[in-house]
Amino acid sequence: MAARERTPNGKLSELVAECRWASNGEFARAVNRAGNEAGYKLRYDESAVSHWLSGTRPMTKYQKVVLETLTRRLRRPVTAFEAGFADEPDVRAQSGDTVAGLIDLGSMDMDPSRRGVLGAGLYSVALTIPGWPDVVGRFERLKADPHTRIGMAEVEAVIAMTERISELDDQFGGRTARPMAAAFMVNNIAPHLKATAADEVRKAMLSAAGDHLYLTGYMAVDERLDLLGQAYYTKALELALAQTGDRTGALAKLHEAEVALEQAESKAKAHGSYDPASLSYHVAQVNYELGDREGAIRALQHSEKVRPTVYRRARVRHRTMLAEWQLEAGRLEEAVQNWHLALDDFPHVQSGRADDRFRTMLSATQPHHRNPHVRELLERARQIAPHPV
């Protein structure tokens, strides 16, 4: 029986080249030293490294030693997927290393060719939440990078960047802002989570990272990448638990973030008060579900009147919703007027939820296509999006 042909490990080759060791033997000796620290008596040499580069993987229990060696040399976390030791990134809820899973998740999200793989699927209603005591243990066992120490300045930088990305999300939609969030998570936040820090700083960084992950997941859901959003939410939940060590508190923290973000669509608002626009919007939703369509229309009109102009995506979604309700009430001309207002902002918003509303407008107005106002609306819509989004 012929031996299976191995594929050279190009990923590992790139990492080794980046490490700039004098030889493969130097790499092997560095792995042996790291293994000794972990209690393994390793005897790797230059030939072992050659085998790895040719496609043979180290024994599973020793792979973490190799990854730790690469991490120390490059002064940034290196995952099994990045080193070619895993066929798929580790983004599962039960990931053995939350930081590694975070890096793999963000790295895939940064790659446009892999986003379809990440987003294909629905929320798992049977999602198994990670083993809670183990999550805390993972962070306690993380080997801090001896070359890096962070303070509150780094925490404040993460918070500030999350706020800026949130503002872009409000104005232009998640499809525009999320790649920036994923890149910042991989290149900045993940190394911070493994850096040396005082306990107060460490907890503050976990909190800031959790907020950033939650926002990134929220933007994925806005793009209708529900499975990807769930993966981000789960990582945010792990970080929340690692900060508090409290399962119930972590769940409550995540729920509070969800409510706050849904109310206000920006981090600044999420930490602020329940503003009048959000209150009127939720009154409108309740009235509509209770069958009071006219009351719902009035409340939503008031919500749009008092909503700050920066929330462009919300404006598109809510104006199209208002138009749908007005059409149901037989107020065709008012509905068309609000759809026109929504189209003013639509080209500037990259949002799956806004796209859904655009498609609903096209289907809802088809029975009225002989109406001159509707014909004008549909012609404008075709100019904005010649092919249905």
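The values are calculated or read from the model by the stated rules, or taken from the named source; none is laboratory data. Note that this is a predicted model, so its numbers are computed, not measured. All Cβ positions, glycine included, derive from the backbone under ideal geometry; neighbour counts span all protein chains shown.
All conditions in (1) part of a helix (DSSP H, G or I); (2) of a type in the set (S, T, Y); (3) exposed (fewer than 13 other Cβ atoms within 10 Å of the Cβ) hold for T56, with the sole exception of (1). Looking only at the stretch 339-389, residues that are of a type in the set (S, T, N, Q), in a helix (DSSP H, G or I) and farther than 16 Å from Q326 by Cα come to 1 in all.
Pairing residues of the stretch 148-169 that are free of Cβ contacts under 8 Å to residues at least 60 places away in the same chain with residues that are of a type in the set (S, T, N, Q) and assigned to a strand (DSSP E or B), at Cβ distances under 8 Å and at least 6 apart in sequence or on separate chains, gives R149/T196; I150/T196.
Taken as a whole, the structure leaves D222 outside the set of residues that are buried (at least 24 other Cβ atoms within 10 Å of the Cβ), farther than 19 Å from P77 by Cα, among the charged types (D, E, K, R) and modelled with pLDDT of 85 or more.
If you go through the stretch 279-300 one residue at a time, do you hit one that is within 24 Å of Q171 (Cα to Cα) and of a type in the set (K, R)? Checked against the condition, which is being within 24 Å of Q171 (Cα to Cα) and of a type in the set (K, R), the stretch 279-300 yields no hits at all. Every listed requirement among (1) crowded, with 19+ Cβ neighbours inside 10 Å; (2) more than 21 Å from L279 (Cα to Cα); (3) not acidic (D, E) is met by R319 save one, (2). For beta carbons closer than 6 Å, sequence separation of 6+ or different chains, a first residue in the stretch 40-65 that is in contact (Cβ under 8 Å) with a residue 40 or more places away in the chain and a second that is of a type in the set (G, A, S), the qualifying pairs are L53/S13. Hey, any hits in the stretch 329-337 for a residue that's in contact with a Phe, Trp or Tyr (Cβ under 6 Å, 6 or more places away or on another chain) and under 20 Å from H302 (Cβ atoms)? No, the conditions are met nowhere in the stretch 329-337.
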